[in-house]
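The values are calculated or read from the model by the stated rules, or taken from the named source; none is laboratory data. Source: prediction; values computed, not measured. Every residue, glycine as well, gets a Cβ built from its backbone with ideal geometry; the counts of neighbours run over all protein chains shown. In case anyone asks, the SASA skips ligands and DNA or RNA and just uses the protein heavy atoms, side chains included. Shrake-Rupley method; radii C 1.70, N 1.55, O 1.52, S 1.80 Å.
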Number of protein chains: 2
Amino acid sequence: MSNHSNDHHEPSGIAKTPEPPYYAVVFTSLRTPGDNGYGDMAEQMSKLASVQPGFLGVESARDSDGIGITVSYWESLDAIKNWKANPLHLTAQDKGRTDWYASYSVRISRVERQYFF
Amino acid sequence: MSNHSNDHHEPSGIAKTPEPPYYAVVFTSLRTPGDNGYGDMAEQMSKLASVQPGFLGVESARDSDGIGITVSYWESLDAIKNWKANPLHLTAQDKGRTDWYASYSVRISRVERQYFF
């Protein structure tokens, strides 16, 4: 169980998701300058997300110009709702709006098809 | 009309999508080392995608470790199918598998909800 959070983090960074349907949260953000505690909290949230019920995997990339995209995959809309309402995650969301992000978008979608190369 | 391809590229890199429902293609990839003509083709494909019928916007980030995520947004599954079958895009897809990508995933999903900050 102690390695649970690693089950979904492939070396390549591409999540090994099950057969659709399942759900994806696409979080696209523009960071403010400086770290301001962001790095530590991001790592903490990544670990915490990966042990939530219904978590299927996550993929993340941040460009040198500050734009980042994180896509997390979930079994159900309820799993997404529960993660959004997690108290530690709510604190991080507040800090996100006040300190870390100049702007962001969140899109919740139902994955219908996937293929891998 | 000559600026059409810029309509969907916001300065922040966050796409201005319409009210859901619409569709998202999440393309997550791991690059091979070296450019090998990738940069030019990526720019060409980005321009070509943005003038396809049903194109709504695109967001893209690539990490320094080689993982990249590009999310393109579309009005319909048919618009996605047409773009996938575009002859120039098919050529790029072939080169992607032979030259540019060590691995990738493609996920087609229906966006149900979105919010912006």
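Just a few scattered comments:
- Computing FRET efficiency as 1/(1 + (r/R0)^6) for B:ASN86 and A:ASP94, where r is the C-beta to C-beta distance and R0 is 45 Å, gives about 0.55.
- Annotation for A:ASP35, label-to-label distances across the other copies: 3.2 nm (shortest first, one decimal, point 7 Å from Cα along Cα→Cβ).
- Computed over protein heavy atoms with a 1.4 Å probe, the accessible surface of the protein assembly as shown works out to 51 Å² per residue.
- Three-way shape call for the stretch A:47-102 based on the alpha-carbon gyration tensor, with the a/c threshold at 1.5: oblate
- 222 nm mean residue ellipticity, helices alone, for the protein assembly as shown (DSSP H n ≥ 4; -39,500 (n - 2.57); rounded to 500): -7500 deg cm²/dmol
- For the stretch A:14-24, Karplus couplings with θ = phi - 60° (6.51, -1.76, 1.60), whole Hz, Gly/Pro x: 9, 6, 8, 8, x, 4, x, x, 7, 10, 10
- Take B:TYR115, move 7 Å from Cα toward the beta carbon, and the resulting point lies 3.6 nm from the same point in each other copy, nearest first.
- Taken one residue at a time, the phi angles of the stretch B:97-114 give Karplus couplings (6.51, -1.76, 1.60, θ = phi - 60°) of 6, 7, 10, 9, 10, 6, 6, 7, 10, 10, 10, 9, 9, 9, 6, 9, 8, 8 Hz. Gly and Pro are set to x.
- Label-reachable residues, the stretch A:29-52, where backbone N falls under 20 Å from a point 7 Å from A:SER103's Cα toward its Cβ: A:29-34
- Near the amide H of B:TYR22, within less than 5 Å, lie the amide hydrogens of B:VAL111, all on another chain or at least 5 residues away, with H placed in the peptide plane.
- The three principal axes of the C-alpha atoms in the protein assembly as shown carry coordinate ranges of 49, 36, 33 Å, sorted with the longest axis first.
- Zone residues, the stretch A:62-87, relative to A:GLN44, backbone N less than 14 Å from point 7 Å out along Cα-to-Cβ: A:87
- Taking every residue in B:20-26 and counting other chain Cβ atoms within 10 Å of its Cβ, the average works out to 4.
- Position B:PRO21: other-copy label points at 0.8 nm, ordered by increasing distance, label point 7 Å along Cα→C-beta.
- The relative contact order of chain A comes to 41 percent, based on Cα pairs under 8 Å that sit 6 or more residues apart.
- Backbone amide hydrogens, once placed in the peptide plane, bring A:SER103 within less than 5 Å of A:LEU30, excluding anything fewer than 5 places away on its chain.
- Shielding by other protein chains, B:29-37, mean Cβ within 10 Å: 1
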